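In what follows, a structure is listed as structure tokens, so that the remarks can point back to it.
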């Protein structure tokens, strides 16, 4: 091999292989500080010990979180740990050692605000449970159980109505609440508008 070819090969080694090695090393270093477990499925959550068990790709992970862990809904609205339930899909950022994760941020991809997305006919009303619920039969989203906050505002043509005035003859619209696409429930509903009495 002549000298010119040797110089060319050396040049290629320095300017092609070395950058690739740097990218690989940088990726590993980055992963140590901002590891991501996307679309993991919740198996259980223990709010007393701050531990969530999730499964992704057939592997079970133990996720530890603290009071300072940032917990948000799908579109980054702050969420409470009690909103996370079995079956929810999570995106978890943090550090990992084996199958143990220390979470810095947890995003629940299954919960989101539901502003005006649910319209339908009331099929049942239950004031005996806490929180109070109505069952809503929608045209495109099936049957939903709607849980109302204690201070939920119910209106008809701009006038405030009582929960006891809701019945199966009416059509309503959920103006503000939180939708869990995993369980099919809509909770923390603070506003309902009766559209047909």
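The values are calculated or read from the model by the stated rules, or taken from the named source; none is laboratory data. These numbers come from a predicted model, not from an experiment. Backbone-built Cβ (ideal geometry, glycine too); neighbour counts: all protein chains shown.
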Against the condition over 16 Å from residue 180 (Cβ atoms), free of Cβ contacts under 8 Å to residues at least 60 places away in the same chain and crowded, with 16+ Cβ neighbours inside 10 Å, how does residue 129 come out, does it pass? no
Out of (1) in the same structural domain as residue 80 (by TED's automatic domain parsing); (2) at negative phi, the odd one out for residue 94 is which? (2)
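Residue by residue through segment 68-99, note down the ones that are assigned to a loop (DSSP other than H, G, I, E, B) and more than 18 Å from residue 41 (Cβ to Cβ).
Within segment 68-99, 68, 69, 75, 76, 77, 80, 98 meet the criteria.
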Report whether or not residue 117 is without any contact (Cβ under 8 Å) to a residue 40 or more places away in the chain and closer than 17 Å to residue 73 by Cβ. no
Could you tell me whether any residue of segment 174-184 is surrounded by 14 or more Cβ atoms within 10 Å (Cβ to Cβ), in a strand (DSSP E or B), touching a helix residue (DSSP H, G or I) at 6+ places or on another chain (Cβ under 8 Å) and in contact (Cβ under 8 Å) with a residue 60 or more places away in the chain? yes
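Is it true that some residue in segment 164-171 is part of a strand (DSSP E or B) and either in contact with a helix residue (DSSP H, G or I) (Cβ under 6 Å, 6 or more places away or on another chain) or surrounded by 16 or more Cβ atoms within 10 Å (Cβ to Cβ) (or both)?
The first filter runs over segment 164-171 and keeps only residues part of a strand (DSSP E or B), leaving 171.
If we keep only those that are either in contact with a helix residue (DSSP H, G or I) (Cβ under 6 Å, 6 or more places away or on another chain) or surrounded by 16 or more Cβ atoms within 10 Å (Cβ to Cβ) (or both) too, we end up with none.
Within segment 164-171, none of the residues are part of a strand (DSSP E or B) and either in contact with a helix residue (DSSP H, G or I) (Cβ under 6 Å, 6 or more places away or on another chain) or surrounded by 16 or more Cβ atoms within 10 Å (Cβ to Cβ) (or both).
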